[in-house]
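We did not get these values from a lab; they are worked out from the coordinates using the rules stated. Please read all numbers here as calculations on a predicted model, not as lab measurements. Every residue, glycine as well, gets a Cβ built from its backbone with ideal geometry; the counts of neighbours run over all protein chains shown.
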Amino acid sequence: MQYRLFLAGLLLAAIPLPQDPAVSPSAAARDVQEIEAAVRAFVRAIDEFDLAGVDASFAASATAFYPFCFTPHRLDGKAAILEQQERGFVWAREQLVSIGRRPPFTLGLQPTAMKVQRLGDDVAVVTWHSDRSGRAGRRTSVLQKLDGRWRTVHHHASNQALPQAGER
């Protein structure tokens, strides 16, 4: 009798259960594509000095840590983020002009090694690299699906000097 119950349990365990369409692999893959597209739109906005594009990327109550020397503390709220981003754009334009670059300006940002980690149906953590000019750009964004769109609720950007040849 116990053997029959054991076999019945094995058979039941082997029967595949129908998947919830809300979390089907195709829906999950579509969400990951939407999340990556939202992050790439944000990076493109930064790269092209597009403050309106940056604005569209953030939730109203977002927070951020930016790598600028003039932003040593957390930025609270979209207005503070946009104010400092605009300041960063002014600084970057000045740097580009000082090395002889002319408009239209771009920073040459190329996100690589992007990884999306889902933390539920409406939250994701996205990390990527944006290396340039001998510096490792490390980026992390937390996105939340709000009103049907993935928006950044927190962004952290830091830069680290890349090791020189022979250094470890």
Quick calc of log₁₀ I(q)/I(0), segment 23-161, Debye, one scatterer on every Cα, no solvent, q values 0.10 1/Å, result -0.33
Final fewest-first order of Leu82, Leu162 on the 10 Å Cβ neighbour count is Leu162, Leu82
Toy charge model, Lys and Arg Cβ at +1, Asp and Glu Cβ at -1: segment 23-161 dipole around Cα centroid in debye, rounded to 20, equals 380 debye
Filtering GluC sites (Glu not before Pro) in segment 72-168 by DSSP loop and by at most 12 other Cβ atoms within 10 Å leaves Glu167
For segment 96-165 the chymotrypsin sites (Phe, Trp or Tyr not before Pro) that pass both the DSSP coil test and the at-most-10 other-Cβ-within-10 Å test are none
